[in-house]
Amino acid sequence: MSTPIVQTSRRFFQEVVLTVLEPQFPEETAGTAFGLFGYGSEAYGMDDALSRDHHWGLRIDALMPETVLRERRDAMLRAVAAALPASFEGIPLREGHVGGAGLALDSLEGFLARTVGLPGIPQSHAEWLRVPEEDILHLLNGEVWLDRSGRFTAVRRAFGAYYPEPVWRRRIAHWCRYYSGMGCYALKRALLRENEFYAATAFAKAIRWGVQLAFLLDRTYFPYDKWLMAYFERLPRLAGPLRPLVEEAVRLSTSWERKLELLDAFSVVLDRTLVEDGLIRPHARYSGSATSGYRLLEHAYAELIQGLPKELQGEVPVWDQVYLEAFHSRYVATLDLDAWDRLLCLEPAAPDPPGA
């Protein structure tokens, strides 16, 4: 998943930044994980020419203990800044991901809290369910070049081992419920009432939840929406039978009635997989309702929920990026509005000519 900027950033770290930090801050360096990971298309290996209009350039992500960050951050940044060349391999350092050095010093605890809402590895099934799935890949993506303490590597290893079985089943149950009840059922009702706004929102949510459910059944974390289809195509089992259904369903030329038929076909593939995997028992073939549609996966939802430990039955998984959004809102509140507009690539437009 390496990209040129990841490779160049790795060389920049090894040849420039590490040669400054290691002799001057040996203990701090030994306790810090360095790499390129987390947020941004380059950490996924998905950046292209369109990615480079903001927050792109040489980048080193560094996670250290909170106390070390508070006490030594400024001194470490000053030392690195004093040793920097004007550019590295043709890339101006002022264009880096972080102003100046391209070195983003952060605490491991802070990074985890704003990404998955926890200061470390989940300690219970309930904590696992409170982690937004699309943010787990922000812990696992990219590269870690140096982690002598092993603290971040241990977190990556724990999340990389995937969900505990009861958590996995609870999440599958939730996605079955939403795909079928809030997606397929809602689209059927919207079409009956000729409500195109409701149809559009119900379909968009349903196709997303259906794809995400395929990730769960293939025991693979799904990413943020921007990269969802690129990762979906790599699923070992379900990309093959489901990709043609998705591609036809999302075409603007596909009628609403056909979109609903495709969602129902999607349900059949997922239901069959649930049976094959022993997650639900084999069952009779069902027919849909003229008014409620084909709510097939809500059968699976009920069976899965009833088979869970009681303490998990009412635990609703978190699936939106609530922790990142809380952090981002606080960050944006500190910015000068002109600086924020520049990050958004918003430039003042030329005034209209007189008489226009």
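The values are calculated or read from the model by the stated rules, or taken from the named source; none is laboratory data. Note that the structure is a prediction, hence the values are computed from the model and not measured. Cβ: placed from backbone, ideal geometry, glycine included. Neighbour counts: every protein chain shown. Note: areas computed on protein heavy atoms with side chains; ligands, DNA, RNA excluded. Shrake-Rupley method; radii C 1.70, N 1.55, O 1.52, S 1.80 Å.
Quick check for you: with a 1.4 Å probe and neighbouring chains kept, what is the accessible area per residue of the chain, in Å²? Please report the intermediate quantities before stating the final value.
On the way: 17400 Å² over 356 residues.
Per residue, the chain has an accessible area of 49 Å².
If Lys and Arg each add +1 and Asp and Glu each add -1, what is the summed charge of the other residues whose beta carbon sits under 10 Å from the beta carbon of PRO236? Don't skip to the answer; put the middle values down first.
Working: positive: ARG219, ARG234, ARG237; negative: ASP218.
Residues close to PRO236 contribute a combined charge of +2.
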Fill in the blank from the handout: Computed over the chain: longest principal axis from alpha-carbon atoms vs helix 165-177 long axis, angle to nearest 10 degrees, is 60
Fill in the blank from the handout: Projected onto the charge dipole of the chain (unit charges on the beta-carbon of Lys, Arg, Asp and Glu, signs +1, +1, -1, -1), the Cα from SER87, LEU105, ALA326 with the largest positive-side position is that of ALA326
Exercise for the section: With a bin width of 10 angstrom, please list the P(r) values of region 216-326 as percents of all Cα-Cα pairs, from the 0 bin to the one holding the largest distance. Expected result: 11, 33, 39, 16, 1
Problem - Considering only the chain, percent of DSSP beta bridges that pair antiparallel, nearest 5 - result: 65
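What 222 nm value per residue comes from the helices of the chain, counting each DSSP H run with n ≥ 4 as -39,500 (n - 2.57) and dividing by all residues, nearest 500 deg cm²/dmol?
-15500 deg cm²/dmol
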Exercise for the section: Pick out, from LEU346, TRP256, LEU69, the residue whose Cα sits farthest towards the positive end of the charge dipole of the chain, with +1 on the Cβ of Lys and Arg and -1 on the Cβ of Asp and Glu. Expected result: TRP256
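Below 8 Å, C-alpha to C-alpha, sequence gap of six or more: please give me the relative contact order for region 222-356 in percent.
Numbers: 47 pairs, mean separation 15.2, N = 135.
It comes to 11 percent, rounded to a whole number.
Calculate what fraction, in whole %, of the accessible area of the chain sits on carbon and sulfur atoms when a 1.4 Å probe is rolled over the protein chains. Before the final figure, lay out each step's value.
Values: 9300 of 17400 Å².
Using a 1.4 Å probe with all protein chains present, the chain comes out at 53 percent carbon and sulfur.
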Completion exercise
Rounded to the nearest 10, the angle in degrees between the Cα long axis of helix 256-276 and the longest principal axis of the Cα atoms of the chain comes to 80
Exercise for the section: Taking the Cα centre of region 105-169 as origin, sum charge times position over the Cβ atoms of Lys and Arg (+1) and Asp and Glu (-1), and report the length of that vector in debye to the nearest 20. Expected result: 180
Exercise for the section: Work out how much length ALA113 to MET182 would gain on full extension: take 0.36 nm times their residue separation and subtract the Cα-Cα distance, in nm to one decimal. Expected result: 21.8 nm
Practice task
Rounded, prolate or oblate: pick one for region 125-166, where a ≥ b ≥ c are the square roots of the eigenvalues of its C-alpha gyration tensor, a/c under 1.5 means rounded, and failing that, prolate if a/b is larger than b/c, else oblate.
Solution key: prolate
Handout entry: Residue-count net charge about VAL316 - beta-carbon cut-off 12 Å; Lys, Arg +1, Asp, Glu -1
Key = +2
Problem - Signed unit charges on C-beta, dipole axis of the chain, positive-most listed residue PRO309, LEU187, LEU228 - result: PRO309
Problem - For the chain, size of Cβ-based charge dipole, Lys and Arg +1, Asp and Glu -1, in debye - result: 1060
Exercise for the section: Compute, for VAL332, the solvent-accessible surface of its heavy atoms (probe 1.4 Å) with the complete set of protein chains present, and express it in square angstrom to the nearest 10. Expected result: 40
Handout entry: Segment GLU66-PHE327, length gained on full extension (0.36 nm per residue, minus Cα span)
Key = 92.3 nm
